[in-house]
1. What GluC sites (Glu not before Pro) in the stretch 22-125 are in a loop by DSSP, with at most 16 other Cβ atoms within 10 Å of the Cβ?
2. Taking the Cα centre of the chain as origin, work out the dipole magnitude from +1 charges on Lys and Arg Cβ and -1 charges on Asp and Glu Cβ, in debye rounded to 20.
3. Which ³J(HN,Hα) values in Hz, rounded to whole numbers, follow from the phi angles of the stretch 51-65 under the Karplus curve 6.51 cos²θ - 1.76 cosθ + 1.60, where θ = phi - 60° and Gly and Pro get x?
4. Tell me the angle of helix 12-24 to the major Cα principal axis of the chain, expressed in degrees between 0 and 90 and rounded to the nearest ten.
5. Could you tell me whether the stretch 65-179 comes out rounded, prolate or oblate from its Cα gyration tensor? Rule is a ≥ b ≥ c as square roots of the eigenvalues, rounded for a/c under 1.5, then prolate if a/b exceeds b/c, otherwise oblate.
6. What number in nm² do you get for the stretch 98-234 if you take the convex hull of its Cα atoms and divide its surface by four?
7. To make sure I understand the rule: partners must be lysines, Cα under 23 Å from the Cα of Lys219, and not fewer than 8 residues away in the same chain. Which ones qualify?
8. Over the chain, with a Gaussian network built from C-alpha contacts below 10 Å, which listed residue (Met165, Met254, Met65) shows the highest mean-square fluctuation?
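Bear in mind these aren't lab numbers, they're just calculated from the coordinates by the rules spelled out. As the structure is a computational prediction, the values presented were derived from the model and not from experiment. When we count neighbours, we look across all protein chains shown, and the Cβ atoms used for this are built from the backbone with ideal geometry, even at glycine.
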Amino acid sequence: MTGKDMEIIGIPRAVRDACRKHLLQSRTIGFVPTMGALHDGHLSLLRKARRENDIAVASIFGNPMQFGPSEDFEKYPRDIENDIKKLRNEEIDILFLPELSLLYSSGFSTYINVDIISEKLDGGFRPGHFRGVATVVAKLFNIVDPTRAYFGQKDFQQTIIIKRMVKDLDFDLDIVVCPTVREDDGLAMSSRNLYLDKEQRRAARVLYRCLNEASDAIKSGIIKLEEIKDLMIKIISGEALVNRINYAAVYDPMTLDEVDVIQGEVLIAVAVRLGDTCLIDNMLINS
Ligand code: PAF
């Protein structure tokens, strides 16, 4: 089966039936959940899902539950016609494209909350965000029942929250985390980059520069968190268009706690605001 005849299905039960049919014939299903506005980062996940499985399934669902009241859900980029073309090009077999009311019926009141790690980093700035992510991802996993699901490392916190949920709730699938795909100048690909004007887009290069310089400093032997943090904040503050630094530090990649003494595998992570747009990036390094 190839994605040339991609089925586009909006009804959860119909997707479940289609996927179940394949699973009963011992075919593996690779699943890439998205909110649309597909960029090369998504395409790398879709390609890996296509390569590693008999059947490749994608979903496009702008999930209002993961947007806070001050975040403009209505403004989130949408380009469904183009997305469908890209999915056909990647030979995806099934696109799940549900309407809001089909995933959240009236009276919806069940949520997944992955404690503690959901409150760290972005969770501190986006209350309820990861509850919305975990809830919708659990629903999608229940509907598609994938063998493997693919996520990008750019959203590192999201990946460890989903892995925790999968373990805690006994979902039977593998979570595959794929490397961040970057623009030529290093900016991590994100649908949110579309919000940036020309000047902000230029300024956004500071995130990758900050991660690289912090990584070089750690590799050169600096092990004190405070020194690395000072360096990161100095680099970002040198960019006048950044109006807020949400966080910039070195973390334990399992707990997302800051590490006082940097050793072993660590996560360098940064989040800043450029105008109204929040950009995040990270790098996993072995110090
Ligand atoms: O990473 C995303 O695009 C979203 O958080 C996800 C996983 C599709 C859930 O809505």
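1. Here the sparse-neighbourhood loop sites are Glu71, Glu91, Glu99, Glu119.
2. 500 debye
3. 5, 9, 9, 6, 10, 10, 10, 10, 10, 10, 8, x, 8, x, 5
4. The angle comes out at about 80 degrees.
5. Rounded is the answer for the stretch 65-179, as its axis ratio a/c remains below 1.5.
6. Averaged projected area of the stretch 98-234's Cα convex hull equals 11.2 nm².
7. Lys154, Lys229, Lys234
8. Evaluated over the chain, the most mobile residue of the options is Met254.
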